[in-house]
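Below: the structure, in structure tokens.
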Amino acid sequence: VIKLATMLMCNISSHTPNHTDIVKANALRPLISLLSSSCVESKRHSILALCNLSFSSENQEHIVKQGGLVPLILSTSDNDLNCREYAAKTLSNLSSNRRNRLPIVEAGALRPLVEMADSVGNVGLQRASVLALYNVSASENSHVPMIQCLVARSS
């Protein structure tokens with residue numbers, strides 16, 4: 001049942017006019033909680049639904065405020081390549097909102113984003129990661145943590 005519900009939410013969220021109703025129906029928290037599901041399909045569809053919803057700047061803030069960052073960051077190291085790519089794309093969307101940039105850094109996204117940007121074999125994953133890093137770099141508060149992350153990576 002959960003797998004079908006996440007598929008439904010993924011499909012409904014792909015239609016932009018539904019975004020406000022989805023958020024008003026308090027669907028973000030259940031979608032976020034499913035990012036830790038042992039069912040790969042449920043997790044994948046939940047991440048993709050959040051990715052769809054994260055195209056709206058208003059929803060970007062709601063996703064962050066409702067605790068979506070850490071589960072999304074953890075999803076960037078999922079065994080499923082699609083989960084990793086959708087999580088990177090969602091973080092990229094969230095990072096386009098300047099209010100989310102420092103919280104993304106503080107939640108620990110830099111290292112996974114750099115690792116995904118440096119990965120080989122999935123251009124979509126690399127593109128989303130590089131775009132998220134680019135967006136985050138637009139915030140001066142992120143410069144020192146970014147430098148520290150890159151220095152630690154090269155050591």
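The values are calculated or read from the model by the stated rules, or taken from the named source; none is laboratory data. What you see is a predicted model, and the numbers here were worked out from it, not measured in a lab. Using ideal geometry, Cβ is built from the backbone for each residue, glycine included, and neighbour counts are taken over all protein chains shown. Note: areas computed on protein heavy atoms with side chains; ligands, DNA, RNA excluded. Shrake-Rupley method; radii C 1.70, N 1.55, O 1.52, S 1.80 Å.
Can you find even one residue in the range 75-88 that is within 16 Å of the chain's Cα centre (by Cα), β-branched (Val, Ile, Thr) and loosely packed, with under 15 Cβ neighbours inside 10 Å?
No, the range 75-88 has no match at all.
Could you pull out the residue among 155, 56 that is at pLDDT below 95 and closer than 17 Å to residue 13 by Cβ?
56
Within the range 89-100, can you find the residues that are open to solvent by 10 Å² or more (accessible area, probe 1.4 Å) and either more than 12 Å from the chain's Cα centre (by Cα) or among the small types (Gly, Ala, Ser) (or both)?
Scanning the range 89-100 gives 96, 97, 98, 99.
Go through (1) within 14 Å of the chain's Cα centre (by Cα); (2) within 19 Å of residue 61 (Cβ to Cβ); (3) surrounded by fewer than 20 Cβ atoms within 10 Å (Cβ to Cβ) and name the single condition residue 127 misses.
Looking at each condition in turn, residue 127 falls short on (2).
Got at least one residue in the range 12-24 being surrounded by 17 or more Cβ atoms within 10 Å (Cβ to Cβ) and not in a helix (DSSP H, G or I)?
No, that holds for no residue.
Does at least one position in the range 28-36 carry a residue that is within 27 Å of residue 102 (Cβ to Cβ) and small (Gly, Ala, Ser)?
yes
With the requirement that a residue be aliphatic (A, V, I, L, M), open to solvent by less than 90 Å² (accessible area, probe 1.4 Å) and in contact with a helix residue (DSSP H, G or I) (Cβ under 7 Å, 6 or more places away or on another chain), what does the range 2-11 give you?
7, 9
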